[in-house]
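Q: Encoded as structure tokens, here's the structure I'll be asking about.
The values are calculated or read from the model by the stated rules, or taken from the named source; none is laboratory data. Predicted model, so just to flag it, every value in this text is computed and none were measured. For neighbour counting, all protein chains shown are included, and Cβ atoms are generated from backbone atoms with ideal geometry for every residue, glycine included. Side chains are part of the model used for accessible areas, which takes the heavy atoms of the whole protein and leaves out ligands, DNA and RNA. Shrake-Rupley method; radii C 1.70, N 1.55, O 1.52, S 1.80 Å.
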Amino acid sequence: MAVFNVGFDPKGKPVQVRFQTGGRLNLNPELDAIGGNRALVLTTPEQVDQGEKLITNLGDRAVGLYSSATMHTPVEITKDALEVVKKSNADCLIAIGGGSTIGLGKAIAYQTNLPQIVLPTTYAGSEATPVLGQTENGVKSTLKSERVQPEAILYDAELVRTLPVAMSVTSGLNAMAHAVEALYAKDANRLSTELALSGLRAFVTGLPKVVVTPDDLGARENTLFGAWTCGAVLAQVGMALHHKLCHTLGGTLNLPHAATHAVILPYATAYNEAAAPNALKPLANILGSDTAGGGLYNFAKRLGAPTDLRSLGVSQGDLDKVADLAVQNPYWNPAPIEHLTIRALLQNAYDGVHPNKGTTS
Ligand code: NAD
């Protein structure tokens with residue numbers, strides 16, 4: 001077991017982080033720390049079982065389950081959940097799930113200031129950031145606030161063991177994307193770089209083991225540690241082209257979040273490699289490859305991740321529209337963002353060709 005308090009912002013609140021397999025069976029340390037005695041448990045409809053088991057363990061410290069968490073935190077779901085919070089007189093929230101459930105907890109906390117305990121079950125990393133993305137009338141917006149950052153995070157490897165292998169791979173690549181962009185971020189610092197490299201190492205060694213033996217709790221805990229470090233760097237430094245492309249693709253075409261990250265990551269990395277060679281060289285070394293972009297492509301392919309946008313349901317006709325949107329209000333990026341080169345990147349990602357070789361092998 002490892003327990004530590006982390007506060008990257010000297011003025012911000014520290015977050016208590018615990019890594020312990022089986023730790024979900026006793027949440028009293030976290031509940032005592034926040035003075036929580038009436039916890040409302042949050043899940044997606046698919047994870048009701050995990051929520052119900054948690055409620056059994058919590059005994060009279062739980063007041064109920066809200067199980068309608070949905071991808072991209074629609075505001076109407078948050079409104080519905082707020083009614084349940086009010087009726088149940090909950091004094092804290094326990095989110096058990098991936099980024100969708102954690103997003104709902106953050107949205108409720110933003111409006112009520114209720115303290116949150118988070119038990120992540122994917123590698124997306126939202127639990128480690130003060131960022132909340134919400135959708136209203138199909139439009140996604142994000143905000144950053146200390147109010148949405150959880151008070152405590154418990155990483156229990158047994159919870160992520162049920163994440164199907166294909167989702168484990170795309171979710172892991174989603175987490176790695178935060179760390180890759182942290183390496184070449186404009187505001188990168190020594191701590192963010194070390195955390196990013198640590199997370200990348202954890203996934204490069206851990207994910208292949210998860211694919212072969214999904215029940216390997218050591219590999220699951222190692223990759224959860226990677227999820228935390230990759231989420232932590234997402235909170236610390238600015239993201240660039242990769243995240244802009246994924247937000248644009250996800251927002252306009254309603255693509256699956258983690259799979260979109262998995263496909264785009266090798267291409268965005270290759271796009272930036274000539275402009276940030278020193279930042280990306282350690283990643284190429286971790287991957288045992290000459291290039292970071294090519295190494296990520298081979299890694300993703302070896303693990304069975306989707307490597308082309310076509311297989312996610314994107315059509316050739318979508319590419320111009322996405323390129324147009326992606327060059328509007330661009331994030332800071334090491335390589336210049338130009339329509340022609342972004343359109344070429346999207347074509348390569350659509351065809352799934354090797355980002356350095358132009359072939360699929
Ligand atoms: P998710 O939470 O939507 O989960 C995908 C599906 O997998 C759901 O049906 C879920 O119930 C199921 N699932 C999750 N864990 C499982 C497990 N261990 N076993 C079985 N089923 C499981 O997916 P995600 O990729 O974790 O989250 C995506 C969302 O998170 C997006 O809305 C994204 O924008 C957001 N996100 C936000 C931040 C942030 O900092 N604000 C960071 C990363 C992601």
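Q: Pull out all pairs, ordered by first then second residue, where Cβ-Cβ is under 7 Å, the residues are six or more apart or on different chains, the first lies in segment 238-265 and is farther than 16 Å from GLY99 by Cα, and the second is within 13 Å of the ligand (Cβ to nearest atom) and of a type in the set (Asp, Glu).
A: MET239/GLU181; ALA240/GLU181; HIS242/GLU181
Q: For segment 232-242, how many residues are of a type in the set (A, V, I, L, M, F, W, C), in a helix (DSSP H, G or I) and within 14 Å of the ligand (Cβ to nearest atom)?
A: 4
Q: Restricting attention to segment 178-213, which residues are acidic (Asp, Glu) and open to solvent by less than 40 Å² (accessible area, probe 1.4 Å)?
A: GLU181
Q: Filter segment 133-179 for residues that are farther than 19 Å from GLY97 by Cβ and part of a loop (DSSP other than H, G, I, E, B); which is farthest from the ligand (Cβ to nearest atom)?
A: Result: ASN137.
Q: Assess whether ILE117 counts as being in contact with a strand residue (DSSP E or B) (Cβ under 7 Å, 6 or more places away or on another chain) and more than 8 Å from the ligand (Cβ to nearest atom). Can you show your working first?
A: Numbers: in contact with a strand residue (DSSP E or B) (Cβ under 7 Å, 6 or more places away or on another chain): yes; more than 8 Å from the ligand (Cβ to nearest atom): yes.
Judged against the criteria, ILE117 is a match.
Q: Further question: I'd like the full set of residues that are in contact (Cβ under 8 Å) with a residue 12 or more places away in the chain, open to solvent by 30 Å² or more (accessible area, probe 1.4 Å) and out of contact with any Gly (no Cβ under 7 Å at 6 or more places or on another chain), limited to segment 299-309.
A: Listed by number, the residues that qualify are ARG302, GLY304, PRO306.
Q: Can you tell me which of (1) open to solvent by 10 Å² or more (accessible area, probe 1.4 Å); (2) more than 15 Å from the ligand (Cβ to nearest atom) is the one ASP216 doesn't meet?
A: (2)
Q: On to the next question. Kindly indicate which of ILE102, ILE94, ILE77 is of a type outside the set (Phe, Trp, Tyr), more than 15 Å from the chain's Cα centre (by Cα) and either closer than 18 Å to ASP156 by Cβ or within 8 Å of the ligand (Cβ to nearest atom) (or both).
A: Answer to the check: ILE94.
Q: Which ones in segment 11-33 are assigned to a helix (DSSP H, G or I) and within 24 Å of the chain's Cα centre (by Cα)?
A: Matches in segment 11-33: GLY23, ARG24, GLU30.
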